[in-house]
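Q: After the structure tokens below, expect a handful of questions from me.
Here, each number is a calculation from the coordinates, and none is a lab measurement. As the structure is a computational prediction, the values presented were derived from the model and not from experiment. Ideal geometry is used to build each Cβ from the backbone, glycine not excepted, and the neighbour counts take in all protein chains shown.
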Amino acid sequence: MTTPKKSPVRVFLYQPTHSRLLIQAGTHGLTPSILSETLIMDGLSRLERGDLSALDPNTVEAATPRPSSGL
């Protein structure tokens with residue numbers, strides 16, 4: 001039995017989000033790559049079932065850190 005070849009995906013994250021990803025991966029004994037793949041697969045499954053809640057602009061905006069004003 002052969003495993004299908006995986007294609008790389010580049011994702012750019014804000015530093016606080018990247019830190020959260022690393023913390024959760026370590027907490028659950030996963031590599032960041034495996035955790036990211038699992039989260040992407042879960043998100044795609046939800047979208048395919050018609051669950052569009054993750055695409056709600058209010059949710060995305062709340063989760064996106066604002067750049068500091070430098071003050």
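Q: Modelled label-to-label distance, Arg20 and Lys5, 7 Å Cα→beta-carbon offset: nm?
A: In this crude label model, Arg20 to Lys5 measures out at 3.5 nm.
Q: Within a 10 angstrom radius of the beta carbon, how do Thr31, Thr3, Thr38 rank from fewest other beta carbons to most?
A: By the 10 Å Cβ count, ascending, the order reads Thr3, Thr31, Thr38.
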